[in-house]
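Okay, so here's the structure we're looking at.
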Amino acid sequence: MSTARRDPFPALADQPLLRVNELVKHFPVKGGLFGRTSGSVRAVDGVSFELAKGETLGLVGESGCGKSTTGRCILRLIEPTSGEVWFEGRNVVGLGREAMRALCRDMQIIFQDPYASLDPRMTVGAIVGEALVIHNLTKTETQYRERIVELLETVGLHADHLRRYPHEFSGGQRQRIGIARALAVSPKLIVCDEPVSALDVSIQAQVINLLEDLQQKFDLTYLFIAHDLSVVEHISDRVAVMYLGRIVEIAPARELYTTPRHPYTEALLSAVPIPEPGLKRTRIRLVGDVPNPINPPSGCHFHPRCPKVMERCKTESPAFRQVSGGHWAACHLNDSAGLT
Amino acid sequence: MVAPVRRAATVSLTQDIWRRFKRHRLALFGAVILLVIIAGVAIGPWLWTVPINEIDFNARLKPPSWQHPFGTDDLGQDLFSRMLYGGRISIAVGLAAMTIAIVVGTIIGAIAGMSRGLVDTFLMWLTDLFLSLPQLPLLLLIIYLFRDSLKKIVGAETGVFIMIVVVIGGFRWMPVARLVRAQFLSLREKEFVEAARALGASRLRQVARHILPNALGPVIVAGTIDVAAAIIAESTLSFLGLGFPPDIPTWGRVLFDAKDYLDTSPYWALFPGTLIFLTVLSINYIGDGLRDALDPRRVL
């Protein structure tokens, strides 16, 4: 088994659609009288993963662990501090403005809050059609209109919704409008930034099913960000778990849920409620809060809260290594188990 | 909440705004009043042909009558025709100064709000500087410096008009700039702007299509207040002898002329005062109505 960090997923490596390499985003913290930079929030601290075409990678973690920042850095909605984002063989990070604009046709994003993500002063037609205007995707007025209607119907809305304003819709419908907007450019990759977290459970299922249908229909690749493990389990092929700006474990979805190899993943999984009255699982309670990302703990970032903490965890940062085929984790426990 | 009305497919955005504006009673009322006033000052002087400067000492300080609907002043000049004529200038000054204040304020606020960093710091420093300047002495200085040269170029009345409008507008853009900047700072981080960015919208498009339309509500209201302030500022200048020449009866001028006769001829002050008040109030209501009509979230 290889432990080279450069190429964590040999099986997928032939032609990954997206390849994120050592992505770092530090937000400077300014303080004091003259606004000197007194430190930095290490929101994303060396994240690497690959995404094969047609795949869904779930990205989970607590609030503030940097999962949304990772997603936005890939689209360069936030400028990464360092690292590489390879999309179809091109490094997105170095691209100029025009090339980046063109790339918007391949990468899109769906937002968490369906209320904040739609311009309240634009009609649904104008919102969905904006990309068509920006990229000159339709030639005539009729084509433009037909395309918008087509998009609306694709996401389960009606043609006569076109002239209405976002506030006339429910949360689930608004999220569908956001999805239609993202689909307008026929993208290859969609970053779903907690697309169902703000919705009712019944609506969540509808939207997730819609996303799955669309994936099949348009051969989409998803980076699915969420903090809800049960949602991610349903839709993802593989799942990556983030803690304090780093990926601590990444594995095929089934495997991650059955045999987690990182204590943090175990703790997260133990917190997922079982939909069966009377049945209880042993909760692993994490004590304390997520440490301040301005000043992360030494060694393994997770050691102050880890139920299985050892002496070396406090000083030595665990390597991110493969524990079995396609299953990677960053924990010293995996060393003592005789795995390399 | 009223259930959303399904609109006919042919309704355009402007029609929609007009439909929503009409539901705003006070705004419609204000619009009617303002139209009447504007029509009055625009065509009035042709219909009411009494000259504005005909001095008649036999008719000094006469209260309103059929011959002089608004009464006469201390020189026996007909106040009604003076009001009609002066209203043109007062309203024009108010609207033009407001336009300048809003345009300058919006541009500076928008640039500051979008750029951050040094440009933002500099522009806000400039705004604070303008806010803290002693305005009246500066106005005097500017007018003394430029009045004569402007008069030579464009003629006495236009010259004074341009100067007064620029000076008043130029000292009233700061609140607008701060307002716009604050709106921009919060709006630019909104997810729908981020979505536009993700779609590849240029900066200009983000501002013009998403940020500015959402920032404009408070600006419109601030603008309508500026009209009032400009009309009053013009009268201050006239009072100091720095505005229009004393023989041009702007509303502010007439009001100030009337102040010495408040106890004997209150109507002299009452008419220009009421007209300023009505104009300002109706513009304010129109602003309110516009703000609401432009916001599709409001159920009207």
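The values are calculated or read from the model by the stated rules, or taken from the named source; none is laboratory data. Note that this is a predicted model, so its numbers are computed, not measured. With ideal geometry, Cβ positions are generated from the backbone for all residues, glycine too; neighbour counts draw on all protein chains shown. In case anyone asks, the SASA skips ligands and DNA or RNA and just uses the protein heavy atoms, side chains included. Shrake-Rupley method; radii C 1.70, N 1.55, O 1.52, S 1.80 Å.
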task: Could you tell me what percent of the DSSP beta bridges with both partners in chain A are antiparallel, to the nearest 5?
output: 60
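Would you mind working out the accessible area per residue for segment A:277-334, using a 1.4 Å probe, and quoting it in Å²? It would help to have the intermediate numbers written out before the result.
Details: 3360 Å² over 58 residues.
It amounts to 58 Å² per residue over segment A:277-334.
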Additional length obtainable on full extension of the chain from residue A:287 to residue A:160, 0.36 nm per residue less Cα span: 40.5 nm
field: Antiparallel DSSP beta bridges within the protein assembly as shown, percent to nearest 5
entry: 65
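Give me the extension gain from residue A:27 to residue A:298: residue separation times 0.36 nm, minus the current Cα-Cα distance, reported in nm with one decimal. Display every interim value, and only then the final one.
Numbers: separation 271, 0.36 × 271 = 97.56 nm, distance 1.96 nm.
Taking residue A:27 through residue A:298 to full extension adds about 95.6 nm, to one decimal.
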- request: Compute, for residue B:240, the solvent-accessible surface of its heavy atoms (probe 1.4 Å) with the complete set of protein chains present, and express it in square angstrom to the nearest 10.
  value: 80
- prompt: With labels modelled as points extended 7 Å from the Cα through the Cβ direction, what inter-label distance (nm, one decimal) is found for residue A:276 paired with residue B:28?
  reply: 6.5
statement: Taking chain B and counting helices only, DSSP H stretches of n ≥ 4 at -39,500 (n - 2.57) each over all residues, the nearest-500 ellipticity at 222 nm comes to -23500 deg cm²/dmol
query: Taking the Cβ-Cβ separation of residue A:86 and residue A:316 as r and a Förster radius of 25 Å, what is the calculated FRET efficiency to the nearest 0.05?
result: 0.25
statement: Quick tally, 1.4 Å probe accessible area for B:62, A:139, A:67, sorted with the most first, runs A:139, B:62, A:67
statement: When chain B is treated as a Gaussian network with springs between alpha carbons less than 10 Å apart, the largest mean-square fluctuation among B:223, B:40, B:252 is found at B:40
statement: With +1 on the Cβ of every Lys and Arg and -1 on the Cβ of every Asp and Glu, the dipole magnitude of segment A:121-186 about its Cα centre, in debye rounded to the nearest 20, is 160
message: Apply the a/c threshold of 1.5 to the C-alpha gyration tensor of chain B and tell me whether it is rounded, prolate or oblate.
response: oblate
statement: So the FRET efficiency between residue A:142 and residue A:218, C-beta based with R0 = 22 Å and rounded to 0.05, is 0.40
- prompt: Long-range amide H contacts for residue A:86: which residues qualify at under 5 Å (H placed 1.01 Å from N, peptide plane, sequence gap of 5 or more or a different chain)?
  reply: A:19, A:20, A:21, A:92
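How compact is the protein assembly as shown by the rule of thumb for globular proteins, expressed as Cα Rg over 2.2 N^0.38 Å? Mind dumping the intermediate values first?
Values: Rg = 33.3 Å, N = 640, 2.2 N^0.38 = 25.6 Å.
Here the answer is 1.30, to two decimals.
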- prompt: Roughly how many whole Å is it from the C-alpha centroid of segment A:219-288 to that of segment A:145-199?
  reply: 28
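Where nothing but the Cβ of Lys and Arg (+1) and of Asp and Glu (-1) is charged, how large is the charge dipole of segment B:101-167 around its Cα centre, in debye to the nearest 20? If you can, show how the numbers build up before the last one.
Working: 4 positive and 4 negative charges, 30 e Å.
In total the dipole reaches around 140 debye.
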- prompt: Given +1 on the Cβ of Lys and Arg, -1 on the Cβ of Asp and Glu, and no further charges, what dipole in debye does segment B:170-213 carry about its Cα centre, rounded to the nearest 20?
  reply: 200
- prompt: For chain A, modelled as a Gaussian network with Cα springs under 10 Å, which listed residue fluctuates most, A:81, A:315, A:282?
  reply: A:282
query: Do the sum for chain A: with -39,500 (n - 2.57) for every DSSP H run of n ≥ 4, divided by all residues, what is the mean residue ellipticity at 222 nm, to the nearest 500 deg cm²/dmol?
result: -8000 deg cm²/dmol
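Hey, can you find the accessible area per residue of chain B for me, probe 1.4 Å, expressed in square angstrom? Don't skip to the answer; put the middle values down first.
Working: 14990 Å² over 300 residues.
On a per-residue basis, 50 Å².
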- request: Quote to one decimal, in nm, the extra length available between residue B:129 and residue B:263 on full extension: 0.36 nm per residue of separation minus the C-alpha distance between them.
  value: 44.0 nm
message: Among the listed pairs A:139/B:190; B:62/B:259; A:53/B:190; A:139/A:188; B:151/B:259; A:67/B:190, which have their C-alpha atoms separated by more than 24 angstrom in this model?
response: A:139/B:190; A:53/B:190; B:151/B:259
